[in-house]
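**Student:** Handing you a structure now.
Every read-out reported here was derived from the displayed coordinates using simple, explicitly stated rules and does not represent laboratory data. Small disclaimer: the values here were computed from a predicted structure and weren't measured. Here the Cβ is made from the backbone with ideal geometry for all residues, glycine too, and neighbour counts use every protein chain on show.
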Amino acid sequence: MNETTTIFRRAMIAGLFGMLATGVVSAQDKAAPKAAEKATMKAAASATKPQVEMRTSVGTIVIELDPAAAPKSVENFLEYVRSGFYDGTVFHRVIKGFMAQGGGFDKAMAQKPTRAPILNEGEQAEAAGLKNDRGTISLARTNDPHSATAQFYINYKDNTFLNHSVAKDRIPPQCKEASAPPQCKSLGWGYTAFGRVVSGMEVVDKMAEVPTGAGGQFPSDVPQTPIVIEKVTLKK
């Protein structure tokens, strides 16, 4: 197996939509100071950034969006919020120590039709300081870097390998040549973070305690007790 093939396979494994990934939680991660985390999240709130309230079957989460860092991604998310698209959907993939993904399937695990995908803004967002850190919300996608639509995920830890800069650094030499194969176009983009949880991260953590298994088209990581997104509203 050559190096390019290996990189392609790794990229496919890392895909957040329809691909499986694993995460390891250290004892230090588990012992994160919750009070300090809450204080930091409250301090991060800004009156110039829109906030949405996501009411779920396990509690309420408030997410602050950053249109300066990822304008297309924020507007895309808000259009789905305003239309009521997320109401009644579920968090269909929850991997403790990695991320909780939702916004694309209903309670029967049927995938909802979406609008057209948007362009990847991972580089721009990271340059503005918004990365795939614990508590940030990012757009899920396939291996096509410009395939993000409605699905999103919330990071349980600093998932640096999902950032644009790391993905760019991992582009193999063969993909930097003029004769690079077409598959190379999918590498080096990363995933776009477009906001962060400012209240209710303990709710997101609670989701990771729900037993998971097979469900719908997924062989694993599906909460066996559905975690329903009951209502998402724009606060300001």
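**Student:** Taking amide H positions as placed in the peptide plane 1.01 Å from N, state which residues far from Val198 in sequence (5 or more) or on other chains have amide H under 5 Å from it.
**Tutor:** The answer is Val62, Ile63, Glu64.
**Student:** Among the listed pairs Lys49/Lys157; Lys49/Lys131; Lys206/Lys235; Lys112/Lys157; Lys96/Lys131; Lys107/Lys206, which are separated by more than 25 Å between their Cα atoms?
**Tutor:** Numbers: Lys49/Lys157 23 Å; Lys49/Lys131 17 Å; Lys206/Lys235 23 Å; Lys112/Lys157 28 Å; Lys96/Lys131 19 Å; Lys107/Lys206 19 Å.
Pairs exceeding the cut-off: Lys112/Lys157.
**Student:** What is the distance in Å between the Cα centres of segment 44-84 and segment 220-236?
**Tutor:** 14 Å
**Student:** Along Cα→Cβ, 7 Å out, is where each label goes; now give me the distance between the ones at Ser220 and Phe161 in nm to one decimal.
**Tutor:** 1.4 nm
**Student:** How much FRET efficiency would the formula 1/(1 + (r/R0)^6) give for Thr60 and Asp133, where r is the Cβ-Cβ distance and R0 is 22 Å, rounded to 0.05?
**Tutor:** Working: r = 22 Å, r/R0 = 0.98.
Computed FRET efficiency for Thr60 and Asp133: 0.55.
**Student:** Below 20 Å, Cα to Cα, which aspartates and glutamates can Lys176 reach? Residues fewer than 8 away in the same chain don't count.
**Tutor:** Straight-line reach from Lys176, under 20 Å: Glu3, Glu123, Asp144.
**Student:** Hey, rough spin-label estimate for Glu75 and Thr114, points 7 angstrom out along Cα→Cβ, what's it come to in nanometres?
**Tutor:** For the pair Glu75/Thr114, the computed spacing is 1.8 nm.
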